[in-house]
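Notes to accompany the following structure.
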Amino acid sequence: MSVRSVTILGATGSVGTSTLDLVEREPDRFRVAALTAQRDVDGLAAAARRTGAALAVIGDPARYEDLKAALAGTKTRVASGEQAIVDAAALGADWTMAAIVGIAGLRPTMAALAGGGTVALANKESLVSAGALVTDAAQAHGATLLPVDSEHNAVFQCFDHAAPGSIRKITLTASGGPFRDWSIEAMRAATPAQAVKHPNWSMGAKISVDSATLMNKGLELIEAFHLFPLPADGFDAIIHPQSVVHALVDYVDGSVLAQLGTPDMRTPIAHSLAWPQRMATPCRPLDLAAIGRLDFLAPDHERFPALTIALEVLAAGGARSAILNAANEVAVAAFLDGRIGFLDIALIVRKALDRYDPPAPVSIDDVFAIDAGARRAAQAAMEIMTA
Ligand code: NDP
Ligand code: MG
């Protein structure tokens, strides 16, 4: 098999380092074209040295000299700034991991798609905010968009792409997060440290908080709508505390196909890295006898209003999902900063959606304008709330 060039956007994060772990195990199969990070010079430089990356880009321009010094004496080219990340994505690697967190990943993801290669998408916020603009770009440039989010990767593996009309429903599982069994009163006092302590998955801070509010599952239902051709009411979520079944696909004949695995992001990442083939991973094999039982229960919309809000947004379409995403990013950052309480996250998102109702975006610039408007609306709601 020929060597594939690989670019990792967000190489220092949770998904980025898992991707590096797999790529580094098979140096004969993969050659690293570019690695990017925002602030973590040490992590980026170490990864570039280990892999012999052709290019390393740090988003924060103030850290350019540090990165240059850290990579002195190597063949790795160094660059910095937001545009340099987009340029790195545009280099046209055979395979690109889009693992920047938040809407910051949108332009780099679009640039990677324009290169026409394979784009493994972890950065769900891009798809939630820009939806069809992302999938249309993939199609227009002949790029292959592969879902890395574990639930969507599971659906991708169970979905009969030749007969989408034979599928009536897609169900994504959710662990329920660290507050699955907490009362509303207990959640009101929940701290950032408690919220980022996920029971099954080890992830970045933002998605960990999203998992605690269940907003992550809401974002994922919207993500799934853009990846798989079913009507908006064809997507649902179910709580499954063990995180062993990742998603279920219901066919019209009553068959339900599911994908199972030990909760380890290296499995879906490896699936997208080797696709359409398979590659071995060091992930712990699934031992169902040791796990003993698999539980499923309906989500509690009263304690987790973020899921209800996201379902309303999915049904409404238009600009609503870009507003949802931006307001959530603002609220999660404020919560992690200790400026608002845990339950305020969903309240702020709800208020931003109530206050702001622009028309649907028709370009990426429109998406960024809506994103900015939603951030202002969320900020205003937050100021009233904390006054
Ligand atoms: P992390 O916070 O661990 O990592 C984020 C990465 O993006 C880091 O490399 C970070 O650089 C970089 N980054 C942060 N801000 C910016 C910015 N403004 N511009 C450019 N780069 C930036 O996140 P995760 O790895 O957990 O998540 C990444 C994405 O994947 C998210 O969209 C998440 O929803 C999705 N995802 C994650 C899963 C997981 O298991 N973690 C599972 C499924 C999806 P630096 O380190 O320098 O700050
Ligand atoms: Mg997921």
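The values are calculated or read from the model by the stated rules, or taken from the named source; none is laboratory data. Values in this document were obtained by computation on a predicted structure and should not be read as measured data. Methodologically, a virtual Cβ is constructed for each residue, glycine included, from the backbone with ideal geometry; neighbour enumeration extends over all protein chains shown. Calculation scope for accessible area: heavy atoms of the full protein, side chains included, ligands and nucleic acids excluded. Shrake-Rupley method; radii C 1.70, N 1.55, O 1.52, S 1.80 Å.
Averaging the sequence gap over all C-alpha pairs within less than 8 Å and six or more residues apart, then dividing by the number of residues, gives the chain a relative contact order of 14 percent. Each residue of the stretch 105-115 was assigned a 3J(HN,Hα) from its phi angle through the Karplus curve 6.51 cos²θ - 1.76 cosθ + 1.60 (θ = phi - 60°); the sequence is x, 5, 4, x, 5, 4, 5, 5, 5, 5, x Hz, with glycine and proline shown as x. In this structure, the amide hydrogen of residue 77, modeled 1.01 Å from its nitrogen in the peptide plane, lies closer than 5 angstrom to those of 55, 56, counting only residues at least 5 positions away or on a different chain.
Rolling a 1.4 Å probe over the protein heavy atoms of the chain, with every protein chain left in place, gives an accessible area that is 53 percent carbon and sulfur. Calculated mean residue ellipticity, 222 nm, the chain: -13500 deg cm²/dmol, from DSSP H runs (n ≥ 4) at -39500 (n - 2.57) each, averaged per residue and rounded to 500. Summing Lys and Arg as +1 and Asp and Glu as -1 over all other residues whose Cβ lies under 15 Å from the Cβ of residue 64 gives a net charge of -3.
Each Lys or Arg adds one and each Asp or Glu takes one away; over the other residues whose Cβ falls under 12 Å from the Cβ of residue 349, this sums to 0. Translational diffusion of the chain was estimated from the Stokes-Einstein equation, with Rh taken as the Kirkwood radius over Cα pairs; at 37 °C and 0.692 mPa s the coefficient is 154 µm²/s.
What the chain shows is 41 Å² of accessible area per residue, with the surface traced by a 1.4 Å probe over protein heavy atoms. Couplings 3J(HN,Hα) of the stretch 249-264, computed from phi: 10, 9, 9, 4, 7, x, 6, 10, 9, 10, 10, 10, x, 4, x, 8 Hz, in residue order, whole Hz [Karplus 6.51 cos²θ - 1.76 cosθ + 1.60, θ = phi - 60°; x for Gly and Pro]. Where in the stretch 178-209 does the amide nitrogen come within less than 19 Å of the point 7 Å from the Cα of residue 297, taken along Cα to Cβ? Taking a point 7 Å out along Cα→Cβ of residue 297, the residues of the stretch 178-209 whose backbone N falls under 19 Å are 178-188, 198-201.
Taking amide H positions as modeled 1.01 Å from N, with prolines and chain starts lacking one, the residues under 5 Å from residue 169 and 5 or more places away or on another chain are 250.
Inter-label distance, residue 25 to residue 290: 1.6 nm, where each label sits 7 Å from its Cα along the C-beta direction. Given a cut-off of 23 Å, name the pairs among 68/206; 197/217; 169/197; 75/206; 124/197; 124/206 whose C-alpha atoms lie farther apart than that in the structure shown. Among 68/206; 197/217; 169/197; 75/206; 124/197; 124/206, the Cα-Cα distance tops 23 Å for 68/206; 169/197; 75/206. Among beta bridges from DSSP that stay inside the chain, the antiparallel ones total about 25%. Listed by chain and number, the aspartates and glutamates whose alpha-carbon sits under 18 Å from that of residue 351, ignoring those within fewer than 8 places in the same chain, are 210, 302, 312, 329, 371, 383.
The distance linking the stretch 102-159 with the stretch 308-345 is 21 Å (Cα centroid to Cα centroid, whole angstrom).
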